[in-house]
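Read-outs throughout are calculated quantities, based only on the coordinates presented, and are distinct from any laboratory measurement. All figures in this text were calculated on a predicted structure; none of them were measured in a lab.
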Amino acid sequence: MARAFKPESLTFGVLLVALGVAWTASNLGKLDLLGTLRTWWPASLVLWGALELLAYAMARPGRER
C-alpha cells in the first residue's frame, strides 16, 4: 500500500536540516543566528501558508492525477 505524499513531512525534514546547519554555523562564528531569525521569521509564515494551500489542493475530491 503506497502512502500519500505529504508536503508538510518533506518541509519539516528540510527545515530540521537547515536549522542544524544554521546552528552549526552559529557555533562556528560564521553566522549571527538570532539576527538572522529576527530578520527572516516572517518567511516561515509564508512557507506555512503555501504548504497549507498545497495540502488543500492535493486533498480536493475529484482531483485528477
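Based on DSSP H runs of at least 4 residues, each adding -39500 (n - 2.57), what is the mean residue ellipticity at 222 nm of the chain after dividing by all its residues, to the nearest 500 deg cm²/dmol?
Numbers: 2 runs with 48 residues, N = 65.
My calculation for the chain gives -26000 deg cm²/dmol from helical runs alone.
Considering the chain at the alpha-carbon level, its Rg and Dmax are found to be 16.1, 52 Å.
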